[in-house]
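Peer 1: Quick one: this structure, given as structure tokens, is what I'll be asking you about.
Every read-out reported here was derived from the displayed coordinates using simple, explicitly stated rules and does not represent laboratory data. Predicted model only: the values in this text are computed from it and were never measured. Cβ: placed from backbone, ideal geometry, glycine included. Neighbour counts: every protein chain shown.
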Amino acid sequence: MTAEPLLEVTDLVRHYPAGKGLLGMGSSKGVVKAVDGVTFAIGPGETFGLVGESGCGKTTIAKLILRIEPPTSGRIMFDGRDVARLTGKELLAYRRSVQAVFQDPFGSLSPRMRVADIVGEILEIHTSMTPAAIATRVGEVLDLVGLRPDQARLFPHEFSGGQRQRIAIARALAADARMLVLDEAVSALDVSIRAQVITLLEQLQADLGVSYLYIGHDLATVSHLADRVGVMYLGRLCEVGDSVTVSTDPRHPYTQALFASALPHLPDDADAAREVAVPVTGEVPSALNPPSGCRFHPRCPLAEARCSAEEPVLVQVDEAHHAACHLLPLTVGRR
Ligand SMILES: Nc1ncnc2c1ncn2[C@@H]1O[C@H](COP(=O)(O)OP(=O)(O)O)[C@@H](O)[C@H]1O
Ligand SMILES: [Mg+2]
């Protein structure tokens, strides 16, 4: 990333109190460390990919950035402003600039609204455009995402899953968003449709210069689309770098395991990758009271005594490539 970052996330933390005993009585059973000290930045027109197994904290990061929830601590800066401090018009402008696309049918498209209203709503909220101007703009953005303007009169159920994601993308871009948070946005789609939507996202970014936070659980797909990628494990980043470097020279044993089981690399083969999706063996990871030291140590083939005692920090392993592992020299070429 060369330009000033558009989004800068520093030491972001989100803890949840774990469930209480029966009927809410009794003492708290601990803390769910959903996000536990995450730092990254995204430049204008850049795609940053976040990848990791289910439950590692990806959606929580999306919610914090979208201000659906407040962080426990840490800071999110957008275009030089502290997102937590935005109020009134500035907050509205932020919501206009940073738009989300979730996994279908996660439900951003109201089933009873026509596409014209689903997409137009964003323009009603954020602009003073006339109804006629909104209708024209809706047609434009539908065209932009590969749908026909006359499809604006249809309801979401009249479209395929891939088309519905195109509608969600159209809605997200209608009011000139500067960043899209794409949380598993293509994960539910069939392989060939997924490839088409990914190609669309690439074209839109090239044309509009919009930034993406692209979240997924499949390393091959994420690293294909992203310029840089961050690999998450139980609330923390264990490896961050240029996605070509991370794919060709993964250094954290967890990233190496993810790649070893997630080959081949093409997005068209993502389904094949998913079939062998148990990426690493060992107990199911839990963000509720995560393991001591390196959180990956109970499942790591290389773990030593030190790994359960001391938490490793991200250190530079190459230009624009960081990994958090005590055994880094041993991890070279282990993939
Ligand atoms: N509101 C909540 N209350 C308690 N725990 C939560 C809440 N939201 C998420 N979690 C927990 O936080 C962890 C991270 O969840 P999430 O961010 O959804 O992961 P991912 O998107 O990577 O699958 C999980 O252990 C999840 O159960
Ligand atoms: Mg998620």
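Peer 1: Where nothing but the Cβ of Lys and Arg (+1) and of Asp and Glu (-1) is charged, how large is the charge dipole of the chain around its Cα centre, in debye to the nearest 20?
Peer 2: On the way: 32 positive and 39 negative charges, 217 e Å.
Result for the chain is approximately 1040 debye, rounded to the nearest 20.
Peer 1: Out of every Cα-Cα pair in segment 213-252, what percent are more than 13 Å apart?
Peer 2: On the way: 357 of 780 pairs.
Summing the P(r) of segment 213-252 above 13 Å gives 46 percent of all pairs.
Peer 1: Right, something else. Can you tell me how much longer the chain between R85 and S286 gets when fully stretched, taken as 0.36 nm per residue apart minus their C-alpha distance, in nm with one decimal? It would help to have the intermediate numbers written out before the result.
Peer 2: Details: separation 201, 0.36 × 201 = 72.36 nm, distance 3.18 nm.
Length difference between fully extended and current span is 69.2 nm.
Peer 1: Find the Rg to Rh ratio for the chain, where Rh is the Kirkwood radius over alpha-carbon pairs and Rg uses the same atoms. Before the final figure, lay out each step's value.
Peer 2: Details: Rg = 20.6 Å, Rh = 20.9 Å.
Dividing the radius of gyration by the Kirkwood radius yields 0.99.
Peer 1: With θ set to phi - 60° and the Karplus curve 6.51 cos²θ - 1.76 cosθ + 1.60, what are the ³J(HN,Hα) couplings of segment 208-219 in order, to the nearest whole Hz, using x for Gly and Pro?
Peer 2: 9, x, 6, 8, 10, 9, 10, 9, x, 9, 10, 4
Peer 1: Here's another thing I want to ask about it. What translational diffusion coefficient, in µm²/s and rounded to a whole number, does the Stokes-Einstein relation yield for segment 282-335 at 4 °C and a viscosity of 1.567 mPa s, taking the hydrodynamic radius as the Kirkwood radius over Cα pairs? It would help to have the intermediate numbers written out before the result.
Peer 2: Numbers: Rh = 12.1 Å.
Diffusion coefficient, whole number: 107 µm²/s.
Peer 1: What are the ³J(HN,Hα) couplings of segment 45-59, residue after residue, when phi is run through the Karplus curve with 6.51, -1.76, 1.60 and θ = phi - 60°? Round to Hz, x for glycine and proline.
Peer 2: Values per residue, Gly and Pro as x: x, 9, 10, 10, x, 10, 9, x, 5, 3, x, 7, x, 5, 5 Hz.
Peer 1: Based on other C-beta atoms within 10 Å, arrange S292, S247 from fewest to most. All intermediate terms of the calculation are to be shown ahead of the outcome.
Peer 2: Numbers: S292 13, S247 20.
Listing S292, S247 from fewest to most nearby Cβ atoms yields S292, S247.
Peer 1: While we're looking at this one, here's another question. Spin-label point model (7 Å from Cα, Cβ direction): what's the D207 to S128 distance in nm?
Peer 2: 2.9 nm
Peer 1: What are the extents of the Cα atoms of segment 88-177 along their three principal axes, in Å, largest first?
Peer 2: For segment 88-177, the Cα spread along each principal axis is 37, 29, 23 Å.
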